[in-house]
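These notes are about the structure you will find just below.
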Amino acid sequence: MDDHIFKRHNKTLLLYHIVFPVKYRNSVINEEVGAGFKEICIELSRRYETHFLEIGYEDNHVHFLIQSVPNLSISEICMKVKSITVKEISKRFPEVKAKLWGGHF
């Protein structure tokens, strides 16, 4: 199986391993919140040309293995993933935001 992304004039295989820690490494991610992260990332895959190959989490950080295309920079990918997942997690799980100092994820 070929894991490359084929476009009209190119073939790419860009993989990014991104780790987002929770602010002050607070332990706020449980099984339910982790499942929420996975659902949100599936929705993101449909909207943007990013494919989440793996999503892992522990109580104080989240790991992503993302495949993308060259026209999206790593900073754009990080900004979109971080901002959208934090907004959605805050909406779906208000108790997580309440546990954080100042409400910042």
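The values are calculated or read from the model by the stated rules, or taken from the named source; none is laboratory data. For clarity, every value in this text was computed on a predicted model and none was experimentally measured. Positions of Cβ are generated from backbone atoms using ideal geometry, with glycine treated the same way; all protein chains shown enter the neighbour counts.
Remarks
- Where strands (runs of 3 or more DSSP E) fall wholly inside the stretch 1-77, the ranges with 3 or more residues that are without any contact (Cβ under 8 Å) to a residue 24 or more places away in the chain are 50-58.
- Any hit, the stretch 90-102, residues being at pLDDT 90 or above and part of a helix (DSSP H, G or I): yes
- T85 vs. criteria touching a helix residue (DSSP H, G or I) at 6+ places or on another chain (Cβ under 8 Å), hydroxyl-bearing (S, T, Y) and farther than 22 Å from D3 by Cα: yes
- The numbered conditions (1) in contact with a helix residue (DSSP H, G or I) (Cβ under 7 Å, 6 or more places away or on another chain); (2) surrounded by 14 or more Cβ atoms within 10 Å (Cβ to Cβ) are all true for Y24 except (2).
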